[in-house]
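The values are calculated or read from the model by the stated rules, or taken from the named source; none is laboratory data. Values in this document were obtained by computation on a predicted structure and should not be read as measured data. Here the Cβ is made from the backbone with ideal geometry for all residues, glycine too, and neighbour counts use every protein chain on show. Side chains are part of the model used for accessible areas, which takes the heavy atoms of the whole protein and leaves out ligands, DNA and RNA. Shrake-Rupley method; radii C 1.70, N 1.55, O 1.52, S 1.80 Å.
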Amino acid sequence: MRVLHCNPASEEYQIWLPYTWGRFREFCDHRSGYDLSSIEWLDPIYLGWYDVARLIGDTDFANVDVLLLSFYVWNEERQWEIAKIAREQNPNILILGGGPQSQYRPHQNTKSYEVCDYVTPWEGEELLAEILHRRLAGQSIADLDELDLLVDPRNPVDKVVPKRLKLMDAKSPFILYKDDFIRFANHILTITNALCTMWETNRGCPFSCTYCDWGSATNSKVSRMHLDRVYDELDWFSKNKVEFIFCCDANFGILPRDYDIALKAAENKKKYGYPHVLSVQNTK
């Protein structure tokens, strides 16, 4: 079974290493209770071209079984167009949408999201592993809608119940798939002269601020990545000259250890010259 993850960058010349692709693959390879070793993870779509034809290049969706679309405000129109092209080339393709922009509430306009078979606004790793397992076994996934884990955008119901992941045993996709990420980095450097990446040291947010556009992680427990893994990733970023790190923690500084993480980043900058920037979202 061939799986393609698509997450176009917001800008044509600020391109991000495909962290979400690595996060999905890491869970399916190492933390799922299912044997998903037969899954073929195709190279993700992560460039930022506004021209969709250029963005998808010579992608043959007839040879893709599952298409994963990560939605946010900067890419949703391109994602809709990509989904339509994929469906035209392959009527049997399973198209799954996720991310903060994947609209699912009844009061929202979900019409455009009908290009997807299902959407979910919550953490996708464990859910994706369940879907892939069922597809490999020839089982239906329709009851996942009934179990409030997926939403049919043709019949949206605001009842999705999040199932939070424990992250302490999560492995680093950058290190697990280092050859792939170095290959992606070299590709990016043929287009622009700087490497950027998203990065998590924890996930979740205990607050429920009405003004916040953080997505689905609000009003939830904070789940931490293992500190050794956090440090190993900082070393990987520095040694591979990643210039800009966007830390996706909702409240950097909320944990006492965050000071040590910031100190480690500063020490790496002195030692290796990288990263140039560590961008964080301060605790509220």
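Scan region 240-273 for residues that are assigned to a loop (DSSP other than H, G, I, E, B) and in contact with a strand residue (DSSP E or B) (Cβ under 9 Å, 6 or more places away or on another chain) and report the count.
We begin by selecting, within region 240-273, every residue assigned to a loop (DSSP other than H, G, I, E, B); these are 240-243, 248-251, 253-256, 273.
In the following step, the residues that additionally are in contact with a strand residue (DSSP E or B) (Cβ under 9 Å, 6 or more places away or on another chain) were identified as 242-243, 248-251, 253-255.
Qualifying residue count, region 240-273: 9.
Of the conditions (1) touching a residue at least 60 places away in the same chain (Cβ under 8 Å); (2) open to solvent by less than 40 Å² (accessible area, probe 1.4 Å); (3) within 26 Å of HIS133 (Cβ to Cβ), ARG31 satisfies every one except a single condition; which number is it?
The number of the failed condition is (2).
Any residue at all in region 84-96 that is closer than 29 Å to CYS212 by Cβ, at pLDDT 90 or above and small (Gly, Ala, Ser)?
no
I'm checking my understanding of the structure. Among residues of region 260-284 that are hydroxyl-bearing (Ser, Thr, Tyr) and in contact with a helix residue (DSSP H, G or I) (Cβ under 7 Å, 6 or more places away or on another chain), which one is surrounded by the most Cβ atoms within 10 Å (Cβ to Cβ)? Quick ask: steps written out before the conclusion?
The first filter runs over region 260-284 and keeps only residues hydroxyl-bearing (Ser, Thr, Tyr), leaving 272, 274, 279, 283.
Restricting the remaining residues to those that are in contact with a helix residue (DSSP H, G or I) (Cβ under 7 Å, 6 or more places away or on another chain) gives 272, 274.
Details: TYR272: 15, TYR274: 20.
Among them, the one singled out is TYR274.
Right, ILE182: closer than 17 Å to GLU243 by Cα, modelled with pLDDT of 95 or more, over 21 Å from the mean Cα position of the chain (by Cα) and open to solvent by 20 Å² or more (accessible area, probe 1.4 Å) or not? Before the answer, list the steps.
Values: closer than 17 Å to GLU243 by Cα: yes; modelled with pLDDT of 95 or more: yes; over 21 Å from the mean Cα position of the chain (by Cα): no; open to solvent by 20 Å² or more (accessible area, probe 1.4 Å): yes.
No; evaluated as a whole, the condition is false for this residue.
Here are some residues: ARG203, ARG257. Which one is in contact with a helix residue (DSSP H, G or I) (Cβ under 8 Å, 6 or more places away or on another chain), open to solvent by less than 50 Å² (accessible area, probe 1.4 Å) and of a type in the set (Lys, Arg)? If you could, list the steps in order and put the result at the bottom.
Working: ARG203 fails: in contact with a helix residue (DSSP H, G or I) (Cβ under 8 Å, 6 or more places away or on another chain).
Among ARG203, ARG257, only ARG257 is in contact with a helix residue (DSSP H, G or I) (Cβ under 8 Å, 6 or more places away or on another chain), open to solvent by less than 50 Å² (accessible area, probe 1.4 Å) and of a type in the set (Lys, Arg).
Can you confirm whether ALA53 is among the aliphatic types (A, V, I, L, M), at negative phi and free of Cβ contacts under 8 Å to residues at least 24 places away in the same chain? Spell out the reasoning first.
Values: among the aliphatic types (A, V, I, L, M): yes; at negative phi: yes; free of Cβ contacts under 8 Å to residues at least 24 places away in the same chain: yes.
When the stated conditions are applied, ALA53 passes them.
Is it fair to say ASN92 is open to solvent by 20 Å² or more (accessible area, probe 1.4 Å), touching a residue at least 40 places away in the same chain (Cβ under 8 Å) and not aliphatic (A, V, I, L, M)?
On the way: open to solvent by 20 Å² or more (accessible area, probe 1.4 Å): yes; touching a residue at least 40 places away in the same chain (Cβ under 8 Å): no; not aliphatic (A, V, I, L, M): yes.
The answer is no for ASN92.
What are the residue pairs meeting all of these: first residue in region 185-209, first residue closer than 30 Å to SER220 by Cβ and among the aromatic types (Phe, Trp, Tyr), second residue open to solvent by less than 10 Å² (accessible area, probe 1.4 Å) and modelled with pLDDT of 95 or more, Cβ atoms under 6 Å, and 6 or more apart or on different chains?
Correct list of pairs: TRP199/ILE245; TRP199/CYS247.
When you go through GLY22, GLY57, GLY48 one by one, which is the residue that is of a type in the set (Gly, Ala, Ser), more than 22 Å from GLY124 (Cα to Cα) and open to solvent by less than 40 Å² (accessible area, probe 1.4 Å)? First the steps, then the outcome.
Working: GLY22 fails: more than 22 Å from GLY124 (Cα to Cα); GLY57 fails: open to solvent by less than 40 Å² (accessible area, probe 1.4 Å).
Every option except GLY48 fails the conditions.
Limited to region 209-235, what total is found for residues that are open to solvent by 40 Å² or more (accessible area, probe 1.4 Å), of a type in the set (A, V, I, L, M, F, W, C), modelled with pLDDT of 75 or more and under 25 Å from TYR72 (Cα atoms)?
Qualifying residue count, region 209-235: 2.
Any residue in region 255-284 that's at positive phi: show its pairings with residues that are modelled with pLDDT of 95 or more and part of a helix (DSSP H, G or I) at Cβ separation under 8 Å, as long as the two are six or more apart or on different chains.
Here the result reads GLY273/SER238, each pair linking region 255-284 to a residue that is modelled with pLDDT of 95 or more and part of a helix (DSSP H, G or I).
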